[in-house]
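Everything on this sheet refers to the single structure shown next.
The values are calculated or read from the model by the stated rules, or taken from the named source; none is laboratory data. All of these numbers come straight from a predicted model, not from anything done at the bench. Cβ: placed from backbone, ideal geometry, glycine included. Neighbour counts: every protein chain shown. For the accessible areas, the whole protein counts, side chains as well, though only heavy atoms, and no ligand, DNA or RNA atoms are used. Shrake-Rupley method; radii C 1.70, N 1.55, O 1.52, S 1.80 Å.
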Amino acid sequence: MPYSTVDGTARAGVDYKPVSGTLVFNPGVFLVTIQVSVFANLIDDGDRSFTVALGQPYAIVHGAPTPAGSVGTPATGVIHNDDLGGTVQWSVVAFSATACPASATTNCSVTLTVKRFSGGAAGVSIDYATVDGTGNALHDYVPVTDTVVFGAAEFLKTVTIPVRPGSTRGSNFGVILSNPQGGAVLGPQSTATVTLN
């Protein structure tokens with residue numbers, strides 16, 4: 001009886017190694033095993049499946065293949081996901097930086113840390129954007145909207161926000177995380193405040 005694997009949501013060569021061949025049932029044999037190798041990845045892509053299709057059973061009669069029996073429903077193989085995007089949030093909710101002096105000829109900056117836990121899959125991203133607080137984007141900082149991308153087994157990423165020369169001491173602004181992708185979820189520390197001391 002011929003057999004072959006058929007893609008479903010799983011893809012041959014990416015999620016599993018395709019196989020095909022012929023099953024031989026010798027006299028008195030009622031079970032034959034087909035082995036399909038699956039590939040590990042580091043992407044939170046959910047469970048994936050493929051099927052194993054069986055062809056027309058046949059027997060060799062007088063040296064020639066002769067149809068024998070019927071074919072049942074194709075078997076389905078499920079590759080269960082074992083990769084997690086994790087939870088992404090700011091490392092702390094309050095950052096501080098030195099106010100940029102008016103004498104500075106270029107922008108100063110403040111660096112913030114985004115952390116991920118409970119998962120290390122690749123393909124995880126999260127957006128961040130600045131918002132005014134007591135400080136404003138026209139005078140105290142340069143507004144930024146961007147995306148942080150985590151690779152496999154990356155758990156800490158940094159973002160840099162420019163601070164304008166002559167920024168007001170004691171002023172603050174917020175930076176908000178949103179739109180987690182790649183199987184990640186947003187943690188409770190999704191908004192951080194930056195104070196210019």
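Against the criterion of being open to solvent by less than 10 Å² (accessible area, probe 1.4 Å) and either among the aromatic types (Phe, Trp, Tyr) or modelled with pLDDT of 95 or more (or both), Leu156 does not qualify.
The combined condition, being surrounded by 14 or more Cβ atoms within 10 Å (Cβ to Cβ) and either in contact with a Gly (Cβ under 8 Å, 6 or more places away or on another chain) or in a strand (DSSP E or B) (or both), is not fulfilled by Val131. Residues in the stretch 100-146 that are more than 28 Å from the chain's Cα centre (by Cα) and more than 18 Å from Thr193 (Cβ to Cβ): Pro101, Ala102, Ser103, Ala104, Thr105, Thr106, Asn107, Leu138. Taking the listed residues Ile126, Ile161, the one that is in contact (Cβ under 8 Å) with a residue 60 or more places away in the chain, open to solvent by less than 50 Å² (accessible area, probe 1.4 Å) and within 21 Å of Val92 (Cβ to Cβ) is Ile126, with no other qualifying. Quick check, is Ala10 under 23 Å from Gly183 (Cα atoms) and either of a type in the set (A, V, I, L, M) or surrounded by 15 or more Cβ atoms within 10 Å (Cβ to Cβ) (or both)? Yes. Is it true that some residue in the stretch 47-58 is closer than 13 Å to Ile79 by Cα, surrounded by 14 or more Cβ atoms within 10 Å (Cβ to Cβ) and at pLDDT below 90? Within the stretch 47-58, not a single residue is closer than 13 Å to Ile79 by Cα, surrounded by 14 or more Cβ atoms within 10 Å (Cβ to Cβ) and at pLDDT below 90. For Ser37, the conditions (1) modelled with pLDDT under 95; (2) farther than 29 Å from Asn179 by Cα; (3) surrounded by 14 or more Cβ atoms within 10 Å (Cβ to Cβ) all hold with the exception of (3).
Of the residues making up the stretch 164-185, those that are within 17 Å of the chain's Cα centre (by Cα) and either open to solvent by 70 Å² or more (accessible area, probe 1.4 Å) or closer than 11 Å to Lys115 by Cα (or both) are Asn179, Gln181, Val185.
Of the listed requirements (1) surrounded by fewer than 17 Cβ atoms within 10 Å (Cβ to Cβ); (2) under 15 Å from Val114 (Cα atoms); (3) modelled with pLDDT of 95 or more; (4) not basic (Lys, Arg), Ala192 misses just one: (1).
Here is the figure for the stretch 105-119: residues that are open to solvent by less than 60 Å² (accessible area, probe 1.4 Å) and either in contact with a Phe, Trp or Tyr (Cβ under 7 Å, 6 or more places away or on another chain) or part of a strand (DSSP E or B) (or both) total 6.
Taking the stretch 139-154 as the region of interest, how many residues are in a strand (DSSP E or B) and either touching a Gly at 6+ places or on another chain (Cβ under 6 Å) or of a type in the set (Ser, Thr, Tyr) (or both)? Final tally of qualifying residues: 3.
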